Amino acid sequence: MRTHAFGKTPFIVSDIGFGAWQIGGSWGDVSEADGRAALNAALDAGITFVDTADVYGDGRSEKIIADVLKSRGGTRPMVATKAGRRLNPHVAEGYTRANLESFVDRSLTNLGVDSLDLVQLHCPPTEVFYRPETFEALDGLQQSGKIKGYGVSVEKVEEALKAIEFPGVVSIQIIYNLFRQRPADLFFQEARRRNIAVIARVPLASGLLSGKITGDTHFASDDHRQFNRNGEAFDVGETFAGVPFEVGLQAVEEIRTLLPEGTAMAAFALRWILMSEAVTVVIPGARNAAQAQGNAAASDLASLSAEVMAAARDVYTRLIAPHVHQRW
Ligand SMILES: NC(=O)c1ccc[n+]([C@@H]2O[C@H](COP(=O)([O-])OP(=O)(O)OC[C@H]3O[C@@H](n4cnc5c(N)ncnc54)[C@H](OP(=O)(O)O)[C@@H]3O)[C@@H](O)[C@H]2O)c1
């Protein structure tokens with residue numbers, strides 16, 4: 001497992017992390033036993049970065065993480081959580097010191113710690129990026145010791161570029177995968193210049209890039225791949241990376257022809273992300289131990305050739321970019 005410094009912070013993290021949305025909710029039925037097994041498998045494989053949020057299963061994800069880490073003992077991974085989505089309505093005016101502090105206090109309890117390693121604003125409305133008082137509130141929480149650092153999870157490249165103008169921001173979480181290539185154009189250069197940690201989320205385009213989904217795949221009614229396919233509950237870009245389902249399936253078949261022999265498509269998709277030096281950690285979600293193990297193994301795959309990288313870019317340019325490039 002390869003590791004990187006987490007931007008300006010003292011943390012060192014594995015380049016493959018663990019996305020803990022699946023062990024919270026919104027992915028159909030994932031039992032607590034499977035959730036624990038997935039996280040344990042990831043940690044056993046050397047993963048030292050876990051991404052969660054206060055709203056994943058309304059705290060279920062954070063509580064499972066706390067339990068697993070307590071029962072394992074020993075060195076803790078860096079645990080990043082998020083705040084903001086408990087606001088109802090979810091509006092910029094809600095991103096106040098008082099509200100953020102109450103969300104942080106709840107995450108401290110759920111995670112069973114005195115100080116959060118990292119709290120990320122959870123895809124706030126664009127207006128928040130123009131409210132310095134929100135970032136001052138986070139500075140205040142850091143000074144109080146309740147958080148060790150803060151970052152922002154964003155929808156759009158432009159939001160990422162705006163967020164890193166605030167000097168206290170140490171990390172940006174953004175969708176970056178074979179179906180979302182625009183962050184590499186300008187944002188990655190800026191992030192590297194400022195030593196901002198980059199967390200690449202939705203790396204498998206919600207599972208499409210595992211290559212196992214077909215037109216006949218059934219998703220449960222409480223799986224966002226069923227209930228958010230048109231953005232009914234949250235930004236449509238979080239489901240299949242915003243790529244129309246049939247287009248995604250077609251592109252997956254072209255990508256399948258690029259796989260080196262013996263390489264699983266999920267691992268290939270993760271290795272493709274790690275070809276970007278600006279990426280600090282990729283956070284695939286896993287619903288069981290086997291998926292977590294398969295994902296961790298991507299860290300040790302050989303570099304992809306220039307030919308394969310060019311062919312992957314070509315698939316993106318022809319099939320995917322018209323649907324996503326100008327949107328996020
Ligand atoms: N707004 C935000 O800040 C935000 C939004 C989205 C995600 N995230 C974070 O990013 C993480 C990752 O994104 P994501 O979970 O949305 O999507 P993802 O990582 O692109 O896809 C996860 C899905 O891919 C499939 N999968 C995973 N590993 C596999 C393997 N080795 N082999 C075959 N299939 C595999 C599973 O599908 P099946 O369930 O069908 O088996 C799994 O549920 C989340 O867990 C969360 O921590 C943050």
> Are any of the residues in the range 64-79 within 23 Å of TRP272 (Cβ to Cβ) and within 17 Å of the chain's Cα centre (by Cα)?
Replying inline: no
> When you look at ALA137, is it among the small types (Gly, Ala, Ser) and under 18 Å from VAL198 (Cβ atoms), yes or no?
Replying inline: no
> Are there any pairs, at least 6 apart or on different chains, whose C-beta atoms fall under 9 Å, with the first in the range 238-249 and within 14 Å of the ligand (Cβ to nearest atom) and the second among the acidic types (Asp, Glu) and open to solvent by less than 10 Å² (accessible area, probe 1.4 Å), and if so, which?
Replying inline: none
> Looking at (1) closer than 28 Å to ASP222 by Cα; (2) in contact with a helix residue (DSSP H, G or I) (Cβ under 8 Å, 6 or more places away or on another chain); (3) open to solvent by 20 Å² or more (accessible area, probe 1.4 Å); (4) within 13 Å of the ligand (Cβ to nearest atom), can you tell me which one ARG85 breaks?
Replying inline: (2)
> Would the range 65-74 turn up any residue that is over 21 Å from PRO125 (Cβ atoms), in contact with a Lys or Arg (Cβ under 7 Å, 6 or more places away or on another chain), among the aliphatic types (A, V, I, L, M) and part of a helix (DSSP H, G or I)?
Replying inline: yes
> All but one of (1) out of contact with any His (no Cβ under 8 Å at 6 or more places or on another chain); (2) in a helix (DSSP H, G or I); (3) not polar (S, T, N, Q) hold for VAL247; which doesn't?
Replying inline: (1)
> Say we look at the range 131-172 and pick out the residues that are more than 16 Å from the ligand (Cβ to nearest atom) and among the basic types (Lys, Arg); which of these is farthest from GLY94 (Cα to Cα)?
Replying inline: LYS148
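Yes/no matrix, rows are residues, columns are (1) open to solvent by 40 Å² or more (accessible area, probe 1.4 Å); (2) charged (D, E, K, R); (3) not in a helix (DSSP H, G or I):
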residue: ASP114; (1), (2), (3): yes, yes, yes
residue: PRO124; (1), (2), (3): no, no, yes
residue: GLU127; (1), (2), (3): yes, yes, no
residue: ALA137; (1), (2), (3): no, no, no
residue: GLY151; (1), (2), (3): no, no, yes
> Which one is surrounded by the most Cβ atoms within 10 Å (Cβ to Cβ) among residues in the range 253-271 that are hydrophobic (A, V, I, L, M, F, W, C) and more than 12 Å from the ligand (Cβ to nearest atom)?
Replying inline: ILE255
>> Please go through the range 311-322 and give me each residue that is within 13 Å of LEU178 (Cα to Cα) and open to solvent by 60 Å² or more (accessible area, probe 1.4 Å), ordered by number.
In response: ARG313, ASP314, THR317, ARG318
>> Of the conditions (1) within 15 Å of the ligand (Cβ to nearest atom); (2) within 20 Å of GLY168 (Cα to Cα); (3) part of a helix (DSSP H, G or I), SER107 satisfies every one except a single condition; which number is it?
In response: (2)
> Any idea which of PHE18, PHE103 is of a type in the set (Phe, Trp, Tyr) and under 16 Å from the mean Cα position of the chain (by Cα)?
Replying inline: PHE18
> When residues of the range 1-42 are filtered for being β-branched (Val, Ile, Thr), in a loop (DSSP other than H, G, I, E, B) and in contact with a strand residue (DSSP E or B) (Cβ under 6 Å, 6 or more places away or on another chain), how many remain?
Replying inline: 1
> Can you name the residue in the range 139-149 that is open to solvent by 10 Å² or more (accessible area, probe 1.4 Å) and in a loop (DSSP other than H, G, I, E, B) and is also nearest to ALA278 (Cα to Cα) among such residues?
Replying inline: LYS148
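The values are calculated or read from the model by the stated rules, or taken from the named source; none is laboratory data. Keep in mind that what you see is a predicted model, and the values were worked out from it rather than measured. Glycine also receives a Cβ, built like all others from the backbone with ideal geometry; neighbour counts cover every protein chain displayed. Accessible surface is based on the protein model in full, side chains and every heavy atom, while ligands, DNA and RNA are left aside. Shrake-Rupley method; radii C 1.70, N 1.55, O 1.52, S 1.80 Å.
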